[in-house]
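What follows is a single structure, written as C-alpha cells, with notes after it.
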Amino acid sequence: MNRRNFLTLTGTFTGGMLVLPNFLHAFGQQNNLITGEQCLVFVQLNGGNDGLNTFIPYEDPLYYDLRTKISLNKDVVVGKNRGMAFHPALKDFAQMQQNGDLTVIQNVGYPEPVRSHFRSQEIWQTAADSNKYINQGWLGRYLDVQCHDHQPTAGINLDSIDNLALKGMEPNSITVKDPDRFKIKTGKENVTLSENPQLDFVRKIANSVVEGSDDIQNALKQSKTEISYPKTGLSKNLEWIARLVKGNLNSKVYYTSLGGFDTHDNQLSIHERKLTELNDALYSFYTDLKQAQLLQNVTIVVFSEFGRRVKDNGSGTDHGTAAPMFVIGGSNKGTILGNNPNLTDLDNGDLKHQIDFRSVYASLLQQKMEFDYSKIGIKNSPVSGLF
C-alpha cells in the first residue's frame, strides 16, 4: 500500500469506530509539540460570496446604477462607517465591529484572477500564483515547519472531506465531521514489523489517528457549551471548535466552510438566507469565546474564493474577482483596511484587487503565530494595521 492510498483511507475520518492493531496505538507516543495559546479559525464561504452586497458602498450612486435589481437600499444597511455598511442580515457583524473586535479588509484578491470555483479555491488554499500549481496547502506547509515532527491535532478540519489548505508532508491535521463520534479502538492483533519505510509512514499516519482521537476526546471532556447555538451545520461546527479550544486541545488551526454563495439567480433571498446563517453562527461563536475570555487568543478569518461581477445579471451576479475579508477576535484593531471599492475604475467589469490575500496570510503568520511566512514561500509583505 502506498502513501496516497493509505492517506485516502485514513486522512478523512467522518465518525464511527475504527479498529487498529495494538502496535499502531503503542507506536511512537509523543508529547505535544505545539506551544502557545494563539490559534486561527478559518470560515471559507464556498461559491464566491458577493462582497458588494455584503459590505456595501451605500453612498456610491454607481452601486445603484449598476445593480438596478439587487442593490440594498441605504435605509436598510447597518453599521454605517466611512461610506460603507453591512447587509442587514449581518447586524451582529456590525455589532462586533462597534465592539472593536472585527476588521474589514477591502478589495482582497490576487493578480490574474481565475473565475473557476475549484481553481480559485486551490489558489487561496495553496497561496500559489494563479499560473502555478502546488501540492501542499499553505497551512500544511506552516504546520510541517512549526511542528518539526508530526502532531496529529495541530490542525482540525470540521468537514466531511479533506481541505487542501491543511495538506502537508506530515500528518499534522485531522478531518472530522463529528468530534463526539471520533473514537478509536485498538485491536488485539500481533504484527511483525519490517524495515520498510513506507510501512513506517503507515504506522505514523495510523498512530496519529489514534492519538488525535484521544486528544479530541480529552478536550471534549474538559469543556461544555455555555450558550445556545443555532441549529445549523456551520453553528454546530463552530460550537465543536469552541469546545476544543476551551478544552485546551491546543490546535494551531481550525477550518470549516459554508456553501451556497454561487448566486447567479434569485440572489436577494438566497444571499440574505446564507448571510443570516453566517451571522448567527459566528456571533454565537464570538459570544462563547468572549464569555470564556478566550477571544483574544482566537483569530477568526472569513473569506471566499472570489467576489461577484459589479453589474447584476438581472436577478443575480456572475463570477467576479476582489471582495472583502473579515477578521474577528485575536485582538485585531476593529477597523476598515483599504479603500472603498472604486466602481469607476473596473477591469472589464470587475473590481481591481487592492490587497493580495497572501499579505493577509503573512500578517496572520507573523503577528499571531510568530512565524516567518517566507519559510513557506509567501513573498508578500504583511498587511499593516490589522493587529
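The values are calculated or read from the model by the stated rules, or taken from the named source; none is laboratory data. Being a predicted model, the structure only gives us computed values, none of them experimental. When we count neighbours, we look across all protein chains shown, and the Cβ atoms used for this are built from the backbone with ideal geometry, even at glycine. Protein only, heavy atoms only, side chains kept; ligands, DNA and RNA dropped before computing areas. Shrake-Rupley method; radii C 1.70, N 1.55, O 1.52, S 1.80 Å.
General observations
- With respect to the conditions (1) in a helix (DSSP H, G or I); (2) in contact with a strand residue (DSSP E or B) (Cβ under 6 Å, 6 or more places away or on another chain), Lys375 falls short on a single one, namely (2).
- Residue in the range 212-221 that is of a type in the set (Asp, Glu) and over 16 Å from Asp159 (Cβ atoms) present: yes
- Taken over the range 118-135, residues that are touching a residue at least 40 places away in the same chain (Cβ under 8 Å) and either acidic (Asp, Glu) or farther than 15 Å from Ala165 by Cβ (or both) amount to 1.
- Qualifying positions in the range 339-360 - assigned to a loop (DSSP other than H, G, I, E, B) and either polar (S, T, N, Q) or open to solvent by less than 20 Å² (accessible area, probe 1.4 Å) (or both): Asn339, Asn340, Pro341, Asn342, Leu343, Thr344, Asn348, Leu351, Gln354
- In the range 360-387, the residues that are of a type in the set (Asp, Glu) reach residues that are in a helix (DSSP H, G or I) with C-beta atoms within less than 8 angstrom, at least six apart or across chains, in these pairs: Asp372/Leu365; Asp372/Gln366.
- Pairs with Cβ under 6 Å, 6+ apart, first in the range 272-300 and within 14 Å of Asn332 (Cβ to Cβ), second among the charged types (D, E, K, R) and outside any helix (DSSP H, G or I): Asn297/Glu37
- Among the residues listed as Leu238, Leu234, Leu249, the single one being closer than 20 Å to Asn163 by Cβ, modelled with pLDDT under 95 and open to solvent by less than 20 Å² (accessible area, probe 1.4 Å): Leu249
- Taking the range 244-274 as the range and being touching a Pro at 6+ places or on another chain (Cβ under 9 Å) and either closer than 21 Å to Glu37 by Cβ or not acidic (Asp, Glu) (or both) as the test, only Leu244 passes.
- Test: residue in the range 298-311 that is surrounded by fewer than 22 Cβ atoms within 10 Å (Cβ to Cβ) and among the aromatic types (Phe, Trp, Tyr): yes
- When the test is whether a residue is surrounded by fewer than 20 Cβ atoms within 10 Å (Cβ to Cβ) and within 30 Å of Trp240 (Cβ to Cβ), Phe371 passes it.
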